[in-house]
Amino acid sequence: MRQNHFKLLFVLIIFGLNGNTARCQLSEWRGPDRSGLYNEKGLLKKWPDGGPALLWEANRMGDGYSSPTVTDDAIYVTGRRDSSDVLTALTLQGKKKWEVVYGKAWIANHTGSRCTPTYYKGKIFLISGEGDLVCVGPDGKIKWSKNHYRMFDSRPIQFGISESPVVVDNKVIASPGGKKASLVAFNIENGNVVWQAEPLNEEPQYVNPLLIEYAGKKMIVTVMGSHIFAVNAMDGKMLWKVNYAEANGAKGNIRKNHAVTPVYRDGEILVANGYGWVALKLRLSSDGTGVEKVWENRNFDPQHGGMVLLNNRVYGANHQSNPADTWICLDWNTGKTLWTQKWYVRGSVISADNMLVLFEERTGHVGLAIPEQNKLNIISEFQVTKGDGPFWAHPVIKDGKLYIRHGDVLMVYKVRS
């Protein structure tokens, strides 16, 4: 009996260690699974007047709209200086460890850096505003760099490149679009091309693609031009595609500025976009090689603030749909709009410890809200007054700390009691 007890204890310890190791191997855009849901407990259910305590702030990292990537021992932030994109590594106390120029910045139509770094097993993967896909080591040295836009004869569109690359197994995957390839996978060790997915002959977008596992397949789901589609992450083979413009009923020149990462749960995918595009919920076929429409909602069009699925409700902010510039909640199962409510203007949304954190984009108010079925219940709020430009960087929460980036300033607040 005692021997079996020790065997069980040993298995539980090893499982726990492996679980912790797996969690710290990958840090990326909008947290685990790119879902906007942060696995945090014991957070404050109400902030002090004036906001939670400011632990520290760092600046002079360059102008940017990207979020910080926080690991167990460092913080990685991108910023633009002159015509270059720069990656800065900070300690968890906000002290600079190193910085490196990793590519050419986008210097037209809002000039801040866009890419939130993807951290995987000690390596940092980034894409510059002009298309340099780069691998940086933990010492701040560039291991390899490939301009996949030039390689595949594509070019950035109106607002540059905002993509954070996906890493799966030994591949880093990015979306140049154009006439030669929709997505391309590179070997994480040397940057060699592993596969290229068939082209859709459509312009790239601003979407951070989503990796999901279903029916024994790892697939990358994204939006490009007029299509929602998925490719097999192992070999780049097209699994399915949906004509999004046709589903939208587009007439004439509808603006194709897709920037919202899809949301996934249990074989179902929600795709939404600003500029009046229809929100579509799709259900994967049993083998993952096709989809069918579950529902649509024409009152939900988040522009670039993301969306979160919490319990059976979806939260986000409208762009142009009526009523515009409002926060909105949908029923996940039916697609029905449960409420829309005004709170300053639209912005980004994340969730942690069964609460919502909102960051409106015009005047920099940060809100803590209880997710409710019939209204937006703001419990606490404060205003960010440091930094310049629109408030477009999505908040991040890790280890009881709330990270807010505005322009070249990163602020870190204590949100755990």
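The values are calculated or read from the model by the stated rules, or taken from the named source; none is laboratory data. Quantities reported herein were computed from a predicted structural model and do not represent experimental measurements. Every residue, glycine as well, gets a Cβ built from its backbone with ideal geometry; the counts of neighbours run over all protein chains shown. Ligands, DNA and RNA are stripped out before the accessible areas are found, and what is left, the full protein with its side chains, is counted by its heavy atoms. Shrake-Rupley method; radii C 1.70, N 1.55, O 1.52, S 1.80 Å.
Here are some notes:
- Residues listed by number, the range 133-165, amide nitrogen under 15 Å from Lys179 label point at 7 Å toward C-beta: 150-155
- Per-pair calculated FRET efficiency, R0 = 30 Å: Gln383 and Asp266 via Cβ, rounded to 0.05: 0.20
- Expressed to the nearest 5 percent, the antiparallel share of DSSP beta bridges inside the chain is 95 percent.
- If R0 is 51 Å, the Cβ-Cβ spacing of His110 and Ser286 corresponds to a FRET efficiency of close to 0.75.
- For the pair the range 214-279 / the range 110-127, the C-alpha centres are spaced 23 Å from each other.
- Solvent-accessible area of Met234 with every protein chain in place, 1.4 Å probe, in Å² to the nearest 10: 90
- Three-way shape label, the range 126-221, alpha-carbon gyration tensor, a/c 1.5: oblate
- At a probe radius of 1.4 angstrom, the accessible area of the chain per residue rounds to 41 square angstrom.
- Pairs from the table (Lys41/Lys398; Lys45/Lys401; Lys180/Lys281) lying more than 19 angstrom apart at Cα are Lys180/Lys281.
- At full extension, Lys97 and Asn312 could sit 73.2 nm farther apart than now, given 0.36 nm per residue minus the alpha carbon distance.
- Think of the chain as a dipole: +1 on every Lys or Arg Cβ, -1 on every Asp or Glu Cβ, centred on the Cα centre; then among Cys329, Asn170, Val384, Asn170 lies furthest on the positive end.
- Sequence-distant aspartates and glutamates (8 or more away, or on other chains) whose Cα lies within less than 18 Å of Lys121: Glu28, Asp33, Asp72, Asp73, Asp139, Asp169, Glu189
- Shown for the range 54-144: the carbon plus sulfur share of the solvent-accessible area, taken with all protein chains present and a 1.4 angstrom probe, equals 46%.
- Computed with a 1.4 Å probe over protein heavy atoms only, the accessible area of Asp331 comes to about 40 Å².
- Trypsin sites (Lys or Arg not before Pro) lying in DSSP loop within the range 97-128, provided at most 12 other Cβ fall within 10 Å: Lys121
- Label point distance in nm, Lys342-Thr363, each placed 7 Å from Cα along Cα→Cβ: 1.2
- Taken over the chain, the ratio of Cα radius of gyration to 2.2 N^0.38 Å equals 0.95.
- Leu55, Leu126, ranked by accessible area, largest first (probe 1.4 Å): Leu55, Leu126
- Label point of Leu54 set 7 angstrom out along Cα-Cβ; within the range 317-353, no amide nitrogen lies under 18 Å from it.
- The Lys218 and Asn39 beta-carbon pair, evaluated with R₀ = 22 Å, returns a calculated FRET efficiency of approximately 0.55.
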